[in-house]
1. Evaluate the distance, in nm, between pseudo-label points positioned 7 Å from the Cα of Leu145 and of Leu64 along their respective Cα→Cβ axes.
2. How many nm separate the modelled label positions at Val13 and Ile163, each set 7 Å beyond the Cα in the direction of the Cβ?
3. With point charges of +1 on the Cβ of Lys and Arg and -1 on the Cβ of Asp and Glu, referenced to the Cα centre of the chain, which listed residue (Gln122, Trp25, Ala153) lies farthest in the positive direction of the dipole?
4. Under a point-charge model restricted to the Cβ atoms of Lys and Arg (+1) and Asp and Glu (-1), what is the dipole moment magnitude of the chain relative to its Cα centre, in debye to the nearest 20?
5. Quickly estimate the mean residue ellipticity at 222 nm for the chain, helices only: each DSSP H run with n ≥ 4 gives -39500 (n - 2.57), and the total goes over all residues, rounded to 500.
6. Using Cβ contacts closer than 10 Å as the measure, can you line up His40, His159 from fewest to most?
7. Using the Cα atoms of the stretch 134-183, I'd like the radius of gyration and the largest Cα-Cα distance, Dmax, both in angstrom.
8. Mind putting a number on the dipole of the stretch 134-183 about its Cα centre? Charges go on the C-beta only, +1 for Lys and Arg and -1 for Asp and Glu, and I need it in Debye to the nearest 20.
Amino acid sequence: MKLEVVVLPVADVDRAKEFYGRLGWRVDRTPPGVVQLTPHGSACSVQFGPSLTSAAPGSGKEYLVVDDLEATREALVAAGVEVSPIFHLGPHGPVEGVDPARRSYFSRATFSDPDGNVWLLQEITTRLPGRVEATETGFASTADLESALVRAARAHGEHEKRIGQRDEEWPKWYAAYMVAEATGTDLPT
């Protein structure tokens, strides 16, 4: 099974469609009376319409996973969205700023749509073990792939320092690193 659609409770369908369109989400074909939009690189879409849910408009809370929270926040602000300051989870609750160690799952920000549905942005670059199946590793966009390549290049530079020479098998090392990072398995050293 795969999660396909999340229904958002909205009061004004046209206003919601304009808001999510401003974020760059793709408008999908749907039956009459249903609006469906899909964030770039996502396998899951959102739907809204006048008769899709009896939930109160603005009662939704959803997560969006990003691999660069600072860049995503900047893009949303540039699109006219009010986004909270970035914060991370500390031992005693939220702390302002990105996680100093840039650990996955720790850095966050939030924004709301015009109805008050809350979206929590969560920076994830390395998945928890078992969270993603190794047979389904892929990149949703060129930006995601570029970001993964940059992280692999940095890690590979440290690898070459450890071994004391140029690694001629770097493509194989990069591939192993990128798959391990995406699936939450042990990273190569």
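1. 2.3
2. Distance between the two pseudo-spin positions: 5.8 nm.
3. Gln122
4. The calculation lands at about 160 debye.
5. Taking each H run of at least 4 residues, the total per residue is -9500 deg cm²/dmol.
6. His40, His159
7. 11.5, 35
8. 180
Quick note: the coordinates plus some simple rules give every number you see, no bench work behind them. From a predicted model like this one, the values you see are computed outputs, not experimental measurements. All Cβ positions, even for glycine, are placed from backbone atoms using ideal geometry, and neighbour counts span all protein chains on display.
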